[in-house]
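The values are calculated or read from the model by the stated rules, or taken from the named source; none is laboratory data. The structure displayed is predicted, hence computed values, not measured ones. Cβ sites come from the backbone with ideal geometry, for glycine too, and all protein chains shown count toward neighbours. The accessibility values were calculated without ligands, DNA or RNA, using every heavy atom of the protein model including side chains. Shrake-Rupley method; radii C 1.70, N 1.55, O 1.52, S 1.80 Å.
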Amino acid sequence: MAGKRHLGKQPLLPWLLVTVAATHLITCPYTKVEESFNLQATHDLLYHRLDLDEYDHHAFPGVVPRTFLGPLFLALLSSPVVYVLSLLQLPKFYSQLTVRGILGLTVISGLWTFQKEVRRQFGSRVATVFCWVTATQFHLMFYCSRTLPNVLALPLVLWALAAWLQQRWAQFLWLSALAILIFRSELSLLLGLALLWALCGKKLSIGRVLCLAVPAGTACLGLTVAVDSYFWRYLVWPEGQVLWYNTVLNKSSQWGVSFPITLRCGLPGLGLNNYKKSWLFKAGSIIVIGHLFINAMYTATSLYVSHFNYPGGVAMWWLHELVPPQTDVSVHIDVAAAQTGVSRFLEVNAGWSYDKREDVQPGAEHMLVYTHLLVEAVPELPALYGHTHRVLASVVGTSGVSLNLSRLPPFDIHLQPKLVLLERR
């Protein structure tokens, strides 16, 4: 009977995760600058293939090189759908949704694999609450389809942790090597501690670790160096350079600091299997339900606010809505727009020129070469372009959120113009 308790089917739960992730994707379909390398690289693999001269990373390499193995994986899985979309002559924007959707499904596959092992070891109620907490909290579902290095590594980590729970050491070490050497070197701390636990518990010997880890590390390192040296056109181990930049040079803080806020209200699941035993466990069950409700409210609020954080993507949509496709268009996209939603997937008209060069000063004579400008909404705009351009659209974005207890939901979102679409007179 205990085995049946652990192995019974729960067919609705994976669809719950898929539905929630899809809601986040559709509500916020655009991406930001930190996602750009992997997204642009996937675009170039899908549309430029072996024509490396057209790849975006040659013009915009970023602070440190990143691996192409993640984009290769996404392009490979997305290519059948992208091919059908191209036959139907649908905009490339749908290809961006496809790529992000494939990544989200991969993360959910990792979550579901981990959940099944949690269920086998701790019971169905624990696994069910794990799924509901995952579905209702904001950051994991919001970011699971975003092409960040952390997200690309996440499925590997989840599969590795599931293998660790199963004590499948060869699988654990190979997946760990892939995650650490290719995507995120900092994962050596998390996965290294898991390995140390196995060694201290005498579940694994040092000799066995070496026999498994050395081939895994050599193969993964050789793979990333071979593939990435081809695309970057020089000998490179991307994650090695990231590790050097972040730790030895200690420059990561110059580009922002992130905090582990993923679970927000991730309280322990009190009373999961014992809710009938005493009033204390019944109270714990009520706390769990309340926790899920708070999670859901916070997630809905955060998703609504986040919807206004991508003015660059919205501005590109307005550009293609307001300007006929047969028009001869040359558009300059400034840094503010490029960082808040613009991607190569949004360059939907093949006959248009989309330029993101950063060496042109606002108001410079060279700006008159372009028929359209997508620029940050600054007070100097009328003086810079008032005599040469007219405003086609103004795109607002979030400037802050304040508490307002007199209304539901109890907050106000402050919006202000972030970008302006200009057309040459």
Given Lys356/Lys418; Lys32/Lys92; Lys32/Lys116; Lys116/Lys203, the pairs whose alpha carbons are separated by over 28 Å: Lys32/Lys116
222 nm mean residue ellipticity, helices alone, for the chain (DSSP H n ≥ 4; -39,500 (n - 2.57); rounded to 500): -17000 deg cm²/dmol
Burial ranking of peptide ranges 416-422, 207-213 (average Cβ count within 10 Å, highest at the top): 416-422, 207-213
Surface accessible to a 1.4 Å probe, per residue, for the residues of the chain, Å²: 52 Å²
Rounded D (µm²/s) - the chain, Kirkwood Rh over Cα pairs, Stokes-Einstein at 4 °C, 1.567 mPa s: 54 µm²/s
By accessible area with a 1.4 Å probe, ligands and nucleic acids excluded, highest first: order of His43, His414: His414, His43
Accessible carbon and sulfur surface of the chain relative to its total accessible area, %, 1.4 Å: 65 percent
Size of the range 1-128 as Cα extents on the principal axes (Å, biggest first): 62, 37, 26
Alpha-carbon centroids, the range 353-425 and the range 141-209: separation in whole Å: 44 Å
Gained length - Asn309 relative to His139, 0.36 nm times residue gap less alpha-carbon distance: 59.7 nm
